[in-house]
Each structure stands twice: as structure tokens, then as C-alpha cells.
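Notes follow once the structure below has been shown.
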Amino acid sequence: MNTLYVSDLDGTLLRSNEITSEYTNRIINNLTERGIIFSYATARSLITAKKVTKGLTAKIPLIVYNGAFVIDNNTEKILIENYFDNAVLNLLDDLFYNEVYPIVYAFINDEEKFSFVPKLSTRGMNIFIDSRKGDIRANAVKTVEDLKSGKIFYITCIDESKKLEPLYEKYKHDYHCVYQEDIYSKEQWLEIMPKETSKSNAIKQLQSLLNCEKLVVFGDGKNDIDMFQLADEGYAVQNAHDDLKKYASAIIPSNDDDGVAKWLEYNCKLSDLFE
């Protein structure tokens, strides 16, 4: 039986310093060379995901932007894609009306960009933007109307809870919304994606593409619940949110203790890889 192993990145596979450890890289590289089918699913872009996992060799397509895209790690070709329809323009107008000015991800003239209005950026947005200095996707624009450009696939709002929570309640049934505190900056985020965009949907598509009958996942956040519900087995790291632990098959060591790699090393026997 072919098994697909999928791990979340931040707070799960990555340590608190936002990189994979040498131990994790060594274990996963060794196992993938011997046949284990491993991938990761992340809210990060391919660019930032590969940066923090540069010691890791992933043999299959990767799930990025919370499932907006599945991208081949070697060729960087987009295999699966999800974009907003034109209704996103009304959504953006409502955000602006509520004085929320997001970071908007889109393909503009066939180039991936994240657009923002510097003069309207919040403290939390500036923390994020500063962490992406030198990123070729960064696109500072002059007006909120400029945020409507291109084929939009992801919207990130970083602002006060009192402004974001009502918007989350308003749109959570129409779109895939993730409302949570960033684990690094502790700023409040509201991420909005097309309804069909999710880690679980992307995993289902990837599982079908790779003909894997069994699915084992690893995670730490509330936004990992949907993939835990989909999986045959789901393992929460010790530092995971209590709400996710309710869905876990078991609790494994924390991200800073390389819990995912330790589980894989102990449970992925070579005899199982060549049945």
C-alpha cells in the first residue's frame, strides 16, 4: 500500500528559528531516497518555503499558499491552481470600506506578485514586508484600486482583531478563511482564499495523482484540522493547538524536538517501502 506523508511547515516541520534542522533534513532525505512519498503543505509561497527547507529534498509536488497551488519542486511548474472569480472585487471593496487594506497575491502580466499600499500598511504588515526584503514578488502600489490588478488567488489581512473578526464571521461561509494569530509576530491575521482552496483539497488531488491509498499527516495549527479529518492518521506535535490535538491519532514530540522526523525514522521501516 502506497502511503503519502504530508507535513505542515511552520510550527511543525520547522523549528522555532524557521528552518528545518540538519537532523530533519538528513532523515527525510534518506527516507525519500529509499522510496517514502513525502511532501509538505504550507501557507508559505514556494519561494519562502524552499528558502526555509533548503536542506530538504522533496521528491514530489509541494502544496503552497494553503492549497492555492500544487507546484513541482524540481521544475517549479504549477500543476494545480485556484483563483478567485470576479466577485473578489466586491470583497476587496468591502475590506476597504472597513478600513482594512490587505496584501493581495496575484499573477500580474504572468508574474507572481504580492501587492500592498505602503502608506496604508499596519505594523503587522510592515513586519511581514520587512521580512521579505529583496523578494522579487514585492509590489508596492499607490492606491487601493491597484490592489485589484491581475489574477488574484490569496488575500492576507494583518490588523486589529476588532476589525478582522467581524469580516471573518461575514465571509467564512463564502470563502476559505483562516483567522489566527501569527506564531512568530503574534499579530492577528485573516487570510482569505477561494472556497475550493484548502490544504485538504490539494492533498486529495495530490493523493490521486500519486495513486496513494493511505494518507498520514502532521500539523500544529487549527488550520490543519481539515487535513487531519481527511487523513487515515494525523499526528499533532506537542506544541500544537489544543483544538487540533482533539483530532490527532497521537501526540508526537514538538517541532523544536524534531517530532515529525523522529516519528518517520521510527515508523517508516524499509520493509514497508517495498511491499
Query raised in the report: Of these, G55, G35, which one is out of contact with any Phe, Trp or Tyr (no Cβ under 9 Å at 6 or more places or on another chain), closer than 27 Å to A231 by Cβ and assigned to a loop (DSSP other than H, G, I, E, B)?
Result: G55
Requested in this report: Please go through the stretch 197-210 and pick out each residue that is aliphatic (A, V, I, L, M) and open to solvent by 30 Å² or more (accessible area, probe 1.4 Å).
Outcome: L209, L210
Query raised in the report: Going through the stretch 1-18 one residue at a time, which ones are closer than 13 Å to D257 by Cα and either open to solvent by 10 Å² or more (accessible area, probe 1.4 Å) or assigned to a strand (DSSP E or B) (or both)?
Result: R15, S16, N17
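Out of the residues in the stretch 159-182 that are part of a loop (DSSP other than H, G, I, E, B) and open to solvent by 80 Å² or more (accessible area, probe 1.4 Å), state the one that is nearest to F84 (Cα to Cα).
The qualifying residue nearest to F84 (Cα to Cα) is D174.
Find the strands (runs of 3 or more DSSP E) located wholly in the stretch 59-156 whose residues include 1 or more that are open to solvent by 30 Å² or more (accessible area, probe 1.4 Å), in contact (Cβ under 8 Å) with a residue 24 or more places away in the chain and not aromatic (F, W, Y), and list them.
Ranges flagged: 78-81, 103-108, 111-116, 138-140.
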Query raised in the report: Do the conditions hold for D220, that is, is it among the acidic types (D, E) and at pLDDT below 95?
Result: no
Query raised in the report: Could you say which residue among N25, N30 is modelled with pLDDT of 95 or more and polar (S, T, N, Q)?
Result: N25
Requested in this report: With the checklist (1) surrounded by fewer than 18 Cβ atoms within 10 Å (Cβ to Cβ); (2) assigned to a loop (DSSP other than H, G, I, E, B) in hand, flag the one item R26 doesn't pass.
Outcome: (2)
**Report entry** Count - residues of the stretch 49-92 that are under 20 Å from L31 (Cα atoms) and among the hydroxyl-bearing types (S, T, Y)
**Finding:** 2
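The values are calculated or read from the model by the stated rules, or taken from the named source; none is laboratory data. What you see is a predicted model; the values in this text were computed from it and never measured. Backbone-built Cβ (ideal geometry, glycine too); neighbour counts: all protein chains shown. In case anyone asks, the SASA skips ligands and DNA or RNA and just uses the protein heavy atoms, side chains included. Shrake-Rupley method; radii C 1.70, N 1.55, O 1.52, S 1.80 Å.
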